[in-house]
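Engineer: What follows is a single structure, and I will ask about it in a moment.
What follows draws every value from the coordinates through simple rules; no lab data is involved. Worth saying up front: this structure is predicted, and the values here are computed from it rather than measured. Note that we place each Cβ from the backbone using ideal geometry, even for glycine, and neighbour counts take in every protein chain shown.
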Amino acid sequence: MEIFDPSGLALPDDVPESHSKVQELRKLAQWAEGMVWCSPERHGAMTGIMKAQIDWIPLSIGAVRPTQGKTLAVMEVSGGSQSFNALNQMRVLGRWMRMITIPNQSSVAKAFMEFDENDRMKPSAYYDRVVDVMEELYKFTLLTRDIAPFLVDRYSERKESAEELSKRVNQRSI
């Protein structure tokens, strides 16, 4: 397991792709078989830093999509009442990046009340749900590990050459 700390990650397009935090994030995205995206919900949406992290993961590197076929779990924490806005936004982005987004998810309301003085989550129904989500991610990752290439295989991409695909998705002039 690896955890990416976004501290020091610049906004997309503010630094070159060679920036050390961008390279660290991209290396982890390529390495991972499954990912957990967790964001606080602020002003009814995922945070800007969460979206910036997702935006730095390219849809393709050459003709390779670094997230395609990988499993994804989404979770959020809220300072107030339970909401699902950030979860829904992350699900849309996961599908856009052709990830296998698991059905289960977790939203922890009044998160400030759910952790002890050592920053450990207290036993509760929310805790149980987080464990359920992680178990499901693990199971889906194992189930899809060897068949992910089959699940994400698309006629339109088999028809298109790698060079044509690279030209189409790596449009620098936009």
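Engineer: Considering only residues that are surrounded by 15 or more Cβ atoms within 10 Å (Cβ to Cβ) and basic (K, R), which ones fall in the range 78-119?
Structural biologist: Once the filter is applied, which keeps residues that are surrounded by 15 or more Cβ atoms within 10 Å (Cβ to Cβ) and basic (K, R), the range 78-119 yields R91, R98.
Engineer: Moving to a separate point now. Please enumerate the residues belonging to the range 17-31 that are free of Cβ contacts under 8 Å to residues at least 40 places away in the same chain and either surrounded by 12 or more Cβ atoms within 10 Å (Cβ to Cβ) or not hydroxyl-bearing (S, T, Y) (or both).
Structural biologist: E17, H19, K21, V22, Q23, E24, L25, K27, L28, A29, Q30, W31
Engineer: Looking at the range 7-57 only, could you name the residues that are outside any helix (DSSP H, G or I), farther than 29 Å from S81 by Cβ and of a type in the set (S, T, Y)?
Structural biologist: Correct list: S18 only.
Engineer: Right, another one. Kindly provide the set of residues from the range 16-45 that are more than 19 Å from R98 (Cβ to Cβ) and in contact with a Phe, Trp or Tyr (Cβ under 6 Å, 6 or more places away or on another chain), ordered by number.
Structural biologist: Answer for the range 16-45, where residues must be more than 19 Å from R98 (Cβ to Cβ) and in contact with a Phe, Trp or Tyr (Cβ under 6 Å, 6 or more places away or on another chain): just V22.
Engineer: Give G48, G79 a once-over and let me know the one that is in contact with a Phe, Trp or Tyr (Cβ under 9 Å, 6 or more places away or on another chain) and more than 28 Å from K167 (Cα to Cα).
Structural biologist: Going through G48, G79 in turn, the sole match is G79.
Engineer: Take residues that are at negative phi and more than 14 Å from the chain's Cα centre (by Cα) and tell me which of the helices (runs of 4 or more DSSP H) falling wholly in the range 71-174 contain 3 or more.
Structural biologist: Once the helices (runs of 4 or more DSSP H) in the range 71-174 are filtered for at least 3 residues that are at negative phi and more than 14 Å from the chain's Cα centre (by Cα), what remains is 125-144, 148-151, 155-159, 162-169.
Engineer: Further question on the same structure: Just checking, does the range 1-16 include any residue being closer than 26 Å to R154 by Cα, buried (at least 17 other Cβ atoms within 10 Å of the Cβ) and of a type outside the set (K, R)?
Structural biologist: Taking every residue of the range 1-16 in turn, none turns out to be closer than 26 Å to R154 by Cα, buried (at least 17 other Cβ atoms within 10 Å of the Cβ) and of a type outside the set (K, R).
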